[in-house]
Amino acid sequence: AKIQGLYDEPEAHSHDILEFKDGRVFERDSLPQYIDGEVVGRVWSFRDISEHRRLQNELTHQAFHDPLTGLANQALFRDRVDHAAARLARNGGQLAVLFVDLDDFKTVNDSLGHAVGDRVLLEVAQRISTSIRAADTAARFGGDEFAVLLEDVQELSAAVETAERILEAVGRPLTLEGNELVIRASLGISVVEAGSASDADELIRNADAAMYIAKSDGKGGYRVFEPAMHERVVARLELRADLQRALEREEFVLHYQPLVRLEDGAMTGIEALLRWQHPVRGIVAPLEFVPFAEETGLIVDIGRWVLREGCRQAKELRAQIPGPVKPAIGINLSVKQLFHADIVADVASALADADLEPEALTLEITESVMMTDTEMAVSRLNELRDLGVRLAMDDFGTGYSSLSSLSLFPLDILKMDRSLLAAGAAPVTSGIASAVLSLGETFQLEVVAEGIEFPEQSTTLKELGCDTGQGFYFARPMPPEQLMAYLSAHPGAAAGVVAPTGSD
Ligand code: C2E
Ligand code: CA
Ligand code: CA
């Protein structure tokens, strides 16, 4: 038995702990016995504290381990990194921290449920654990983030090999309840040598930054940390703060692009397209910030603003337009917005506050919605349609949709992606364009051809039975105050008689 505790003075009360190989633990006390002030012996007492100790160990384990996966938690991981860094200073060598973050895990959770999500995390934890040596530490940082400490790394290539092994292991298909899933992860590596004063926080932060860059450079890969990465991370964080400020300072504006009925040139719709009036950079196009806003979730707030502002301006415009044809307003919804719990209430209140009739609003959802949880998407779209608004499938024909799922979606309009139009001024349209048009006919959907730049395209599409066109040939997106001028210059667009002439 291992004995702790001392009795340097024979008179003293002594106390120690006995730990036996079989796991039993005893507390041992002895008290001196006196006769006439002389110690004549000791009274020993023993207490079995095995159960107490077991509980204590369990609590300690719980305090330092992730309950779901049993891996080290953040606190223990930081401690291990700190100790490893201290050892490094004494013994030399290198150590590496790997930061692993699953790609699109939220989609798994949202579409398959948390129980499946937990099993994925458990499986990933096991795969990471079996990809490293026993002396290395794997930890779960919470959510879908994991970290690995590699001690005694001879050279960078060893850390890279482990990173590749982990990504390969995590990426192997896994079968859960009959579903085959492929989970990918992005990974960042930070390596430190003896002599560079790095603490756990810095190492982890660097690995995290490298992971962030790996993810934004395209998912499923790894990057080794370089100091310049911090600048990129900071730039993205700044963009985030900038966007938030842009909302508060009302730096966003909407431009509007007409949708034109090919048959008679009437402006039957306008699409609201977001622009950022940046105080320094000037007008910033949506492709430069919308994807980022989607990634960070900011799109929900920005999109709510678009809805309110779009409905408000549409109401005004429709009142000003004299002819019988009042344009509907098209507003783009990102998939993130569609899945946000408040979306139906947001649309309803935007309509009510603007006093706009629901039929005057078309919500455009990109085809990528078909890649998500179909059931959830369909029920959301049905709720929106129950408000009386119309629904358009945007960028249609770019690849995600299958015919069978298209029939599940409650749609009114197909917006054919502009990549389906023949390039240049050639009058012919692609076979896919004709296929989309016949799909529209089958499902009784209005088809809008996007990106019409040449009169020949417009003519061919009209002959093929396409209802509506949109593109630079008719008009570019413009600020709302120019729309009235556009209508005066193209009287047919308002009255629905004369075809417009391309002006750009
Ligand atoms: P989108 O919904 O497909 O919008 C049409 C885009 O095509 C617009 O680009 C428009 O300016 C451009 N376009 C129109 N006619 C032509 C043409 O004849 N030729 C060419 N080459 N392009 C044409 P924009 O305004 O830069 O918007 C890009 C994308 O940003 C939009 O694609 C949409 O996906 C997204 N977006 C714009 N506003 C919003 C918004 O308020 N919310 C969300 N979630 N996304 C938005
Ligand atoms: Ca659109
Ligand atoms: Ca589109």
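The values are calculated or read from the model by the stated rules, or taken from the named source; none is laboratory data. Bear in mind the structure is a predicted one, so any value in this text is a computation, not a measurement. Note: ideal-geometry Cβ built from the backbone for every residue, glycine included; neighbour counts use all protein chains shown. These area figures cover heavy atoms from the full protein model, side chains too; ligands, DNA and RNA do not enter into them. Shrake-Rupley method; radii C 1.70, N 1.55, O 1.52, S 1.80 Å.
Only a single item in (1) out of contact with any Gly (no Cβ under 6 Å at 6 or more places or on another chain); (2) farther than 20 Å from ASP301 by Cα is not met by ALA345, and it is number (2). If the condition is being exposed (fewer than 11 other Cβ atoms within 10 Å of the Cβ) and touching a helix residue (DSSP H, G or I) at 6+ places or on another chain (Cβ under 9 Å), then the range 32-69 contributes only ALA63.
Quick check on the range 218-235: of everything there that is of a type in the set (A, V, I, L, M) and in contact (Cβ under 8 Å) with a residue 24 or more places away in the chain, which residue is surrounded by the most Cβ atoms within 10 Å (Cβ to Cβ)?
By that ranking, first place goes to VAL224.
Count of the range 479-498 residues, restricted to those that are at pLDDT below 90 and open to solvent by less than 30 Å² (accessible area, probe 1.4 Å), is 6.
If you go through the range 265-281 one residue at a time, do you hit one that is open to solvent by 30 Å² or more (accessible area, probe 1.4 Å), of a type in the set (Gly, Ala, Ser) and either farther than 29 Å from LEU464 by Cβ or in contact with a helix residue (DSSP H, G or I) (Cβ under 9 Å, 6 or more places away or on another chain) (or both)?
No - not one qualifying residue is present in the range 265-281.
So if I check each of VAL182, VAL153, VAL192, VAL170, which one is open to solvent by less than 60 Å² (accessible area, probe 1.4 Å) and closer than 25 Å to ASN109 by Cβ? Only one candidate qualifies: VAL170. Before we move on, is LEU98 open to solvent by 20 Å² or more (accessible area, probe 1.4 Å), closer than 30 Å to GLY171 by Cα and within 30 Å of the chain's Cα centre (by Cα)? Considered against the rule, which asks whether it is open to solvent by 20 Å² or more (accessible area, probe 1.4 Å), closer than 30 Å to GLY171 by Cα and within 30 Å of the chain's Cα centre (by Cα), LEU98 comes out as no.
Does ALA169 satisfy the condition of being over 24 Å from PHE289 (Cβ atoms), of a type in the set (Gly, Ala, Ser), without any contact (Cβ under 8 Å) to a residue 60 or more places away in the chain and assigned to a helix (DSSP H, G or I)? So ALA169 passes the test.
Give the residues of the range 172-205 that are assigned to a strand (DSSP E or B), of a type in the set (Val, Ile, Thr) and more than 18 Å from ARG223 (Cα to Cα), sorted by residue number. Hit for the range 172-205 is THR175, nothing else. Candidates are the residues of the range 352-371 that are open to solvent by 30 Å² or more (accessible area, probe 1.4 Å) and away from ligand 2 (no atom under 16 Å from the Cβ); the one that is nearest to ASP417 (Cα to Cα) is MET371.
Here are the criteria: (1) within 15 Å of ligand 1 (Cβ to nearest atom); (2) assigned to a helix (DSSP H, G or I); (3) within 23 Å of ALA435 (Cβ to Cβ). Tell me which single one MET370 does not satisfy. The one condition MET370 does not meet is (1). Looking only at the range 303-310, decide whether some residue is surrounded by fewer than 22 Cβ atoms within 10 Å (Cβ to Cβ) and closer than 21 Å to ALA494 by Cα. Within the range 303-310, not a single residue is surrounded by fewer than 22 Cβ atoms within 10 Å (Cβ to Cβ) and closer than 21 Å to ALA494 by Cα.
Here the condition is being in a helix (DSSP H, G or I) and modelled with pLDDT of 95 or more; of GLU359, GLU375, it holds for GLU359 alone. If the condition is being at pLDDT 85 or above and among the small types (Gly, Ala, Ser), then the range 7-22 contributes only SER14.
Annotation: of all residues in the range 452-474 being assigned to a loop (DSSP other than H, G, I, E, B) and in contact with a Phe, Trp or Tyr (Cβ under 8 Å, 6 or more places away or on another chain), the one that is nearest to ligand 2 (Cβ to nearest atom) is ILE452.
Of the listed requirements (1) surrounded by fewer than 17 Cβ atoms within 10 Å (Cβ to Cβ); (2) among the hydroxyl-bearing types (Ser, Thr, Tyr); (3) under 26 Å from SER405 (Cβ atoms), SER349 misses just one: (3). Of all the numbered requirements in (1) within 15 Å of ligand 1 (Cβ to nearest atom); (2) modelled with pLDDT under 95, SER402 misses one, and that requirement is (1).
The rows are residues; the columns are (1) at pLDDT below 90; (2) over 30 Å from ASP373 (Cα atoms); (3) in contact with an Asp or Glu (Cβ under 8 Å, 6 or more places away or on another chain).
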| residue | (1), (2), (3) |
| --- | --- |
| LEU420 | yes, no, no |
| ALA423 | yes, yes, no |
| LEU445 | no, no, yes |
| ILE452 | no, yes, no |
| SER458 | no, yes, no |
| PRO477 | no, yes, yes |
